[in-house]
Amino acid sequence: YMTVQRIYAGWALFGFAVFAALSLTLGHAIIMWHHSPARWLSLMAFLSIIATQVIFWAYTSPMNTLTRQWTEMPPDLAAVRLQWEYSHAANAGLTLLALVSITAAALAARRPGADLPG
């Protein structure tokens, strides 16, 4: 398990995608401010991505630190592994919610008769 975990080396560089997702979903919510369904769906996507960051920094990152990026065996591997895996599972669910929400927001904004700005 410790050996396989090393495949995550370098994933911190992917943080730019999280920043982009936060910026773009918030931007979409602002642009859609006068179109209630699209605004709320965009905000749901934005808050879902925020929640993934809260979970990562509260539950995933401490396990990465405890194991020195999975190069040292922790005293209770089973508990560390469960926390790490459940935090990733929760983040996967929230990321799916964000994807569905922003897709629904885009579709709601394109609906015929939608009251869009501009």
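The values are calculated or read from the model by the stated rules, or taken from the named source; none is laboratory data. Given the structure is predicted, the values throughout are model-derived calculations rather than measurements. Note that each Cβ is placed from the backbone with ideal geometry, even for glycine, and that neighbours are counted across all protein chains shown. Side chains are part of the model used for accessible areas, which takes the heavy atoms of the whole protein and leaves out ligands, DNA and RNA. Shrake-Rupley method; radii C 1.70, N 1.55, O 1.52, S 1.80 Å.
For the range 66-80, the set of residues classified as surrounded by 16 or more Cβ atoms within 10 Å (Cβ to Cβ) and either at positive phi or of a type in the set (K, R) (or both) consists of W70 only.
Every condition in (1) exposed (fewer than 15 other Cβ atoms within 10 Å of the Cβ); (2) of a type outside the set (F, W, Y); (3) at pLDDT 95 or above holds for H34 except the one numbered (3).
Of all residue pairs spaced 6 or more apart or on separate chains, those with beta-carbon atoms under 6 Å, a first member in the range 82-95 that is touching a residue at least 24 places away in the same chain (Cβ under 8 Å) and a second member that is of a type in the set (F, W, Y) and open to solvent by 60 Å² or more (accessible area, probe 1.4 Å) are Q83/Y59; S87/Y59. Elements of the type helices (runs of 4 or more DSSP H) sitting completely within the range 1-101 and holding at least 1 residues that are small (G, A, S) and closer than 27 Å to R111 by Cβ: these cover 15-31, 36-55. Determine if the range 5-19 includes at least one residue that is out of contact with any Cys (no Cβ under 7 Å at 6 or more places or on another chain), over 29 Å from I102 (Cα atoms), of a type in the set (A, V, I, L, M) and at pLDDT below 95. Scanning the range 5-19, I find at least one residue that is out of contact with any Cys (no Cβ under 7 Å at 6 or more places or on another chain), over 29 Å from I102 (Cα atoms), of a type in the set (A, V, I, L, M) and at pLDDT below 95, so the answer is yes. Checked across the range 46-56, the condition of being at pLDDT 95 or above and closer than 16 Å to Y8 by Cα holds for at least one residue. For L116, the conditions (1) of a type in the set (A, V, I, L, M, F, W, C); (2) modelled with pLDDT under 95; (3) crowded, with 16+ Cβ neighbours inside 10 Å are fulfilled apart from (3). When you look at Q83, is it in contact with a Lys or Arg (Cβ under 9 Å, 6 or more places away or on another chain), open to solvent by 60 Å² or more (accessible area, probe 1.4 Å) and of a type outside the set (V, I, T), yes or no? Spelling it out, it is not the case that Q83 is in contact with a Lys or Arg (Cβ under 9 Å, 6 or more places away or on another chain), open to solvent by 60 Å² or more (accessible area, probe 1.4 Å) and of a type outside the set (V, I, T).
Output the residue which, of all residues in the range 1-31 that are of a type outside the set (A, V, I, L, M) and open to solvent by less than 30 Å² (accessible area, probe 1.4 Å), is nearest to S87 (Cα to Cα). Write out each step before concluding.
Going through the range 1-31, the residues of a type outside the set (A, V, I, L, M) turn out to be 1, 3, 5-6, 8, 10-11, 14-16, 19, 23, 25, 27-28.
Still in the list and also open to solvent by less than 30 Å² (accessible area, probe 1.4 Å): 5, 25, 27.
Working: Q5: 15, T25: 23, G27: 27 Å.
Per the stated criteria, the residue is Q5.
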